[in-house]
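Let me begin by presenting the structure, written as structure tokens, before commenting on it.
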Amino acid sequence: MKNYKIAVVPGDGIGNEIVPTGLKVLQAAAEKHKFTLEIEQFPWGACYYKQHGAFMPDNGLSTLKQFDAIYFGAVGDPEVDDTLPAMLYTFKVRTAFHQYVNYRPVKLLPGIESPLRYKSQQDIDFVVIRENNEGEFVQNGKIIHPDQPYGLATDTSVFTRAGIERIAHYSFQLAQKRRKKVTNVTKSNTLINSLAYWDRVIEEVSVQYPDVTYHKMYVDNASASFVLKPEVFDVIVTTNMIGDILSDLGGAIMGSLGLGPSGNINPERDFPSMFEPIHGSAPDIAGQGIANPVGAIWSGALMLEHLGETAAAQDIVKGIEATTQKGIVTVDLGGTAKTAEIADSIINHLSS
Ligand code: NAI
Ligand code: MG
């Protein structure tokens with residue numbers, strides 16, 4: 001029987017509710033599909049920082065590196081400086097493990113009415129591929145004399161040819177397995193150096209995939225199009241910050257931020273990949289047992305798919321669809337189900 005070693009980092013807030021819930025579903029799927037998940041849990045994050053002065057121990061990355069994959073919730077706590085979670089955990093892992101693909105599907109689930117009243121499941125089914133290691137989020141800058149009248153601050157984006165080429169290849173190859181359409185969401189009409197270069201390199205790569213239709217769209221138009229005509233999208237390739245913002249909008253048109261899954265993927269498999277819902281630690285609803293666990297459970301399915309357990313992954317997604325179809329949804333979607341009931345319903349589907 002195949003065994004996979006999974007590092008589990010629930011993190012903070014609702015991470016401690018949705019991640020254990022997701023694990024129950026993953027274990028049920030493993031049992032059914034005859035493989036095992038060997039779980040080791042790490043209590044890292046902003047609450048850990050309050051006690052230890054760090055988001056993870058010094059050997060955190062080398063510990064995580066031993067695993068086949070990382071199953072993650074979210075980090076962040078209202079009592080901790082909110083610039084630290086990304087710097088000391090999320091970006092740190094994504095960068096150290098060359099998880100340069102942030103894979104974020106946007107798909108309307110059956111039984112859920114999108115806030116876009118005229119749009120159906122057929123219209124909302126695309127993937128945002130967010131460049132995850134470079135761009136606007138490299139934290140390359142400085143604040144100088146902040147309290148003086150001449151205070152100034154900079155954050156300089158970084159785009160490399162190698163970084164753009166690899167995310168472009170990933171996106172075109174993904175499109176070949178889908179509806180064969182790539183939209184580059186950019187803002188090169190105003191960021192005339194960094195994003196003009198981004199466009200140029202993506203266009204060069206696009207020529208190598210003549211079976212895939214290539215379009216370029218500015219982000220302002222793309223945000224409007226998410227709402228007015230989401231059916232035009234299949235695979236979106238975009239930069240780190242634009243992808244961050246657009247994927248929350250993607251979650252919103254699915255009906256809730258609590259539904260969106262994601263994978264931080266190292267396609268070469270030199271390092272473990274990390275799977276997490278698109279949302280944060282949601283301190284406003286933590287501890288009540290009402291968080292929507294679908295984004296976390298679906299992220300778990302993406303993890304199984306990445307590990308090669310495709311049938312188990314598809315089974316979980318079918319279980320999610322059967323659950324929403326029956327109207328078993330949490331309060332964020334207007335339902336009454338608790339976090340645990342969503343998992344129970346999906347596990348029931350797995351055993352039916
Ligand atoms: P958030 O995504 O945590 O919450 C935004 C809104 O969506 C809140 O009203 C929340 O209740 C709701 N929501 C989110 N997930 C939900 C779920 N599963 N079920 C039902 N409702 C849900 O974003 P916010 O409030 O901007 O950030 C809170 C903390 O999370 C901050 O400390 C932030 O830094 C951190 N964060 C961490 C991320 C990560 O670890 N990858 C990503 C985004 C934010
Ligand atoms: Mg985000």
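The values are calculated or read from the model by the stated rules, or taken from the named source; none is laboratory data. Just so it is clear, the model here is predicted, and its values are computed rather than measured. Note that we place each Cβ from the backbone using ideal geometry, even for glycine, and neighbour counts take in every protein chain shown. For the accessible areas, the whole protein counts, side chains as well, though only heavy atoms, and no ligand, DNA or RNA atoms are used. Shrake-Rupley method; radii C 1.70, N 1.55, O 1.52, S 1.80 Å.
At a glance:
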| quantity | calculated |
| --- | --- |
| Residues with amide H under 5 Å from that of THR213, placed H, sequence gap 5 or more | LYS181, VAL182 |
| Label-point separation in nm, GLN27 to GLU40, each point 7 Å along Cα→Cβ | 1.8 |
| Relative packing of 220-231, 318-329, which averages over residues the other C-beta atoms within 10 Å, highest first | 318-329, 220-231 |
| Calculated P(r) of the range 28-186 - Cα pairs past 28 Å, % | 46 |
| Within straight-line cross-link reach of LYS187, lysines at Cα separation under 17 Å, skipping those fewer than 8 residues along the same chain | LYS216 |
| Solvent-accessible area of HIS145 with every protein chain in place, 1.4 Å probe, in Å² to the nearest 10 | 100 |
| Interchain or long-range residues, amide H under 5 Å from VAL237's placed H | ILE129, THR183, ASN184, VAL185 |
| Cα convex hull of the chain, projected area averaged across orientations, nm² | 18.7 |
| Sparsely packed trypsin sites (Lys or Arg not before Pro) within the range 195-273, loop by DSSP, other Cβ within 10 Å at most 14 | ARG269 |
| Accessible area expressed per residue, the chain, with surrounding protein chains retained (probe 1.4 Å, Å²) | 44 |
| Table column - 3J(HN,Hα) (Hz), the range 205-221, Karplus curve with 6.51, -1.76, 1.60, x for Gly and Pro | 5, 4, 4, 7, 10, x, 7, 10, 7, 10, 10, 10, 9, 6, 5, 5, 5 |
| Tail fraction, Cα-Cα pairs, the range 114-254, threshold 26 Å, whole percent | 29 |
| Accessible heavy-atom area order of MET1, MET217, MET87, MET56, highest first, probe of 1.4 Å | MET1, MET87, MET217, MET56 |
| Globularity index of the range 206-352, i.e. its alpha-carbon radius of gyration over 2.2 N^0.38 Å | 1.16 |
| For the range 7-104, convex hull of alpha carbons as volume per residue, Å³ | 113 |
| Candidate residues THR63, THR83: accessible-area rank, largest first, probe 1.4 Å | THR83, THR63 |
| Label-point separation, ALA96 to LYS142 (7 Å along Cα→Cβ), nm | 2.7 |
| Cα→Cβ-extended label distance, 7 Å offset, between HIS215 and LYS180, nm | 1.6 |
| Residue-averaged 222 nm ellipticity for the chain, from DSSP H runs of 4+ at -39500 (n - 2.57), nearest 500 | -12000 deg cm²/dmol |
| Relative contact order (percent, whole number), the chain, Cα cutoff 8 Å, 6+ residue spacing | 23 |
| Residues ASN3 and LYS65, FRET efficiency given R0 of 22 Å [Cβ-Cβ distance, rounded to 0.05] | 0.80 |
| Relative contact order [Cα under 8 Å, 6+ residues apart], the range 24-138, whole percent | 19 |
| Share of carbon and sulfur in the accessible heavy-atom surface of the chain [1.4 Å probe, %] | 52 |
| Isotropically averaged projected area of the range 54-126, using the convex hull of Cα atoms (one quarter of hull area), nm² | 7.6 |
| Largest-first ordering by accessible area, 1.4 Å probe, given options LYS65, LYS119 | LYS65, LYS119 |
| Extension reserve of the VAL331-THR154 stretch, reckoned as 0.36 nm per residue once the Cα distance is removed | 59.6 nm |
| Those GluC sites (Glu not before Pro) in the range 116-165 that DSSP places in a loop and that have at most 11 other beta carbons within 10 Å | none |
